[in-house]
Amino acid sequence: MEQVRLTTRDYSLFYGEFRALNKISLSIPANRITAFIGPSGCGKSTLLRSFNRMNELIPGVRTEGTVLLDEGDIFREDVVNLRKRVGMVFQRPNPFPKSIYDNVTYGPRVHGMRNRSKLAAIAEESLTRAALWDEVKDQLHKSAMALSGGQQQRLCIARAIAVSPEVILMDEPASALDPVATIKIEELMNSLKEKYTIVIVTHNMQQAARVSDFTAFLLTDENRAGNMVEFGPTNRIFTSPSDRRTEDYITGRFG
Ligand SMILES: Nc1ncnc2c1ncn2[C@@H]1O[C@H](COP(=O)(O)OP(=O)(O)O)[C@@H](O)[C@H]1O
Ligand SMILES: [Mg+2]
């Protein structure tokens, strides 16, 4: 049995009257990469954003059901602390218009750390884990905006790592990058799972098959609500899905 990091039970999310997620029940294993796949609009990003309560920033959002991090109810947790435990990386690299060093030490400083040598050690460790240190160690005070897109995305991963999260959420983290930068991000994810639980959204099924250990397939029903059709080990989902709709999707019959 896998250790479970994140759990949803009968979890639904409404944007106003519209039910975007319909009673999703799912257990995401710790120290593995889980991919959410499915056609555009099926609720992948909404489900991902649920795990650090990012959807709450959107007016009119309401939820039902349970979401647990480890054994704890995320809705009872202090949201600042929750977002420290559950970091997020977005589709477009979004470094702050500040130096590389200021970007990667931003989180620890917000959380009150002032000790310069500790901050420097966190910067080095986070950039090393994000496979960026060797490329930037001599230019830490250069603007992050001068980095390539792929480097900026690895910097955003380093920034997420710097506050020691348990989970890193990634919403199509490579979709704005070229193929070489994409492979680097995929290799990086693979090295990160030793220490973190990773959940990614991808519309690229080859990517899901390459990088993830587990896959959840989501699909909208007749009311446009996102349902989870199937969840399991990635190789099983891709080689012998148990639901016909999963098979149709992964063989490219729709979506
Ligand atoms: N801020 C929002 N307000 C209202 N509806 C939204 C909002 N964000 C997403 N939706 C709707 O929720 C559904 C799921 O969207 P999303 O989670 O972005 O899907 P995916 O990431 O799978 O493409 C879609 O029908 C989308 O139009
Ligand atoms: Mg999306």
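The values are calculated or read from the model by the stated rules, or taken from the named source; none is laboratory data. Not measured: the values here are computed from a predicted model. Cβ coordinates were reconstructed from backbone atoms using ideal geometry, including for glycine residues, and neighbour counts include every protein chain displayed.
Suppose we keep only residues that are assigned to a loop (DSSP other than H, G, I, E, B) and among the polar types (S, T, N, Q) within the range 84-112. Which one would you say is nearest to the chain's Cα centre (by Cα)? It would help to see each step written out before you state the result.
Filtering the range 84-112 down to residues assigned to a loop (DSSP other than H, G, I, E, B) leaves 90-98, 105, 111-112.
Checking which are among the polar types (S, T, N, Q) leaves us with 91, 94, 105.
Numbers: 91: 10, 94: 14, 105: 20 Å.
Checked the range 84-112; the qualifying residue nearest to the chain's Cα centre (by Cα) is 91.
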Self-check item: Selection within the range 144-196 - assigned to a helix (DSSP H, G or I), within 25 Å of residue 98 (Cβ to Cβ), touching a residue at least 60 places away in the same chain (Cβ under 8 Å) and out of contact with any Asp or Glu (no Cβ under 9 Å at 6 or more places or on another chain)
Solution: 153, 155, 156, 157, 159, 160, 192
Self-check item: In the range 115-130, the residues that are surrounded by 18 or more Cβ atoms within 10 Å (Cβ to Cβ) and outside any helix (DSSP H, G or I)
Solution: 130
Practice problem: Working only within the range 131-143, note down all residues that are surrounded by 16 or more Cβ atoms within 10 Å (Cβ to Cβ) and either at pLDDT below 95 or not in a helix (DSSP H, G or I) (or both). | Solution: 131, 132, 140
Practice problem: From the list 48, 57, pick out the single residue that is in contact with a strand residue (DSSP E or B) (Cβ under 7 Å, 6 or more places away or on another chain) and within 30 Å of residue 188 (Cβ to Cβ). | Solution: 48
Quiz item: Name the strands (runs of 3 or more DSSP E) wholly within the range 1-83 that hold at least 1 residues that are over 17 Å from the mean Cα position of the chain (by Cα)?
Solution: 4-15, 18-29, 61-69
Quiz item: In the range 45-74, which residues are away from ligand 1 (no atom under 16 Å from the Cβ) and either more than 18 Å from residue 168 (Cα to Cα) or acidic (Asp, Glu) (or both)?
Solution: 65, 66, 70, 71, 73
Self-check item: the range 197-233, subset in a loop (DSSP other than H, G, I, E, B) and surrounded by fewer than 22 Cβ atoms within 10 Å (Cβ to Cβ), residue farthest from ligand 1 (Cβ to nearest atom)
Solution: 213
Quiz item: Which of the following residues is in contact (Cβ under 8 Å) with a residue 40 or more places away in the chain, touching a helix residue (DSSP H, G or I) at 6+ places or on another chain (Cβ under 8 Å) and among the charged types (D, E, K, R): 221, 213?
Solution: 213
